[in-house]
Amino acid sequence: MTNSNDDPKAAYREAYEDWQAQLAKVHAFFLDGERLPPPEIKAMLNRESRAKERYDAARRRLLGIEEE
């Protein structure tokens, strides 16, 4: 089994899939009318934001444009 930390492609795929899963939850709330209590809304948005940041970092690493 490959460690995604050592393999930029695997890290990218993992980060992308996680972000898409979190984004689907955001879309269910905003676009499909899924109801959530306010604390869960905040937590959902925070999870999506962190997942997007991990995806962006993995994408930059894959493209060889890591930030210093």
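The values are calculated or read from the model by the stated rules, or taken from the named source; none is laboratory data. Because the structure is predicted, anything quoted here is derived from the model rather than measured. Here the Cβ positions follow ideal geometry from the backbone for every residue, glycine too, while neighbour counts run over all protein chains shown.
Any residue at all in segment 35-49 that is exposed (fewer than 11 other Cβ atoms within 10 Å of the Cβ) and on the phi > 0 side of the Ramachandran plot?
The answer is no; no qualifying residue exists.
Taking the options R54, R60, name whichever one is out of contact with any helix residue (DSSP H, G or I) (no Cβ under 7 Å at 6 or more places or on another chain) and either among the charged types (D, E, K, R) or surrounded by 14 or more Cβ atoms within 10 Å (Cβ to Cβ) (or both).
Checking each option against the conditions leaves just R60.
So, E53, is that one at pLDDT below 95 and charged (D, E, K, R) or not?
no
Out of segment 44-57, which residues are of a type outside the set (K, R) and under 15 Å from L23 (Cβ atoms)?
Taking segment 44-57 first, the residues of a type outside the set (K, R) are 44-46, 48-49, 51, 53, 55-57.
Answer for segment 44-57, where residues must be of a type outside the set (K, R) and under 15 Å from L23 (Cβ atoms): M44, L45, N46, E48, S49, A51, E53, Y55, D56.
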